[in-house]
Amino acid sequence: MQNSLCKLHRVPKCTVPFIQQQFMHTVPTLLVPPRVKIVEVGPRDGLQNEPVSVSTEDKIKLVQKLAQAGCRYIEAGSFVSPKWVPSMANSFQTMTKLREWKEKQGPEYEPLVLSCLVPNLAGLHQAIQVKAGEIAVFGSASETFSNKVRLPRIDIKVRAACPWLGLI
């Protein structure tokens, strides 16, 4: 069966039934990536809204169990102001101890990437200090949202986040 062309994009349409069922239309095959990266964000996103703060030791145990279960990309913390997200106040200790733990593990844990979320330059400096495997940059689509949650202006954030050009 031959794929038809998407009139808008002039590329072959995806004919995978699952995608068609999920999105109720066909998706150009160029939009379907050859592989998907799944990042477990439970240790950060899942715990940041808990009414009780989770100890550093318990966060470390959670990340270790996720790694043992086969998760290879784990967002383990966030370098945000403890004033805004008190449950992430121990991210520096958590990330430091997790990096030390990972270094003691065998080659089986080499592909494990421990990342953290940063909303601004102060958070970026902390992430660099703990040698985070990856850094997720928190951004905003509007200046209004940035102002409400006290993020840097959008144009400043984009300039600060460019690893190739530095500050533009």
Every residue from the range 44-62 that is of a type in the set (A, V, I, L, M, F, W, C) and out of contact with any Ser or Thr (no Cβ under 8 Å at 6 or more places or on another chain): 52, 62
Some residue of the range 58-65 being over 20 Å from the mean Cα position of the chain (by Cα), at pLDDT 95 or above and closer than 25 Å to residue 127 by Cβ: yes
Pair list, Cβ under 8 Å, 6 or more apart: the range 29-45 residue at pLDDT 90 or above and surrounded by 14 or more Cβ atoms within 10 Å (Cβ to Cβ), other residue part of a loop (DSSP other than H, G, I, E, B) and not basic (Lys, Arg): 40/71
Selected residue (criterion: modelled with the highest pLDDT) from residues of the range 115-134 that are of a type in the set (Val, Ile, Thr) and buried (at least 18 other Cβ atoms within 10 Å of the Cβ): 130
Residue in the range 76-89 that is β-branched (Val, Ile, Thr) and modelled with pLDDT of 95 or more present: no
Residues satisfying the stated conditions in the range 72-101, i.e. touching a Pro at 6+ places or on another chain (Cβ under 8 Å) and among the acidic types (Asp, Glu): 75
Flag for residue 142 being surrounded by fewer than 13 Cβ atoms within 10 Å (Cβ to Cβ) and modelled with pLDDT of 60 or more: yes
Pair list, Cβ under 6 Å, 6 or more apart: the range 79-94 residue under 14 Å from residue 41 (Cα atoms), other residue assigned to a loop (DSSP other than H, G, I, E, B): 88/80; 91/79
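The values are calculated or read from the model by the stated rules, or taken from the named source; none is laboratory data. Since we're looking at a predicted model, the values are computed, not measured. Positions of Cβ are backbone-derived with ideal geometry, glycine not excepted, and every protein chain shown enters the neighbour counts.
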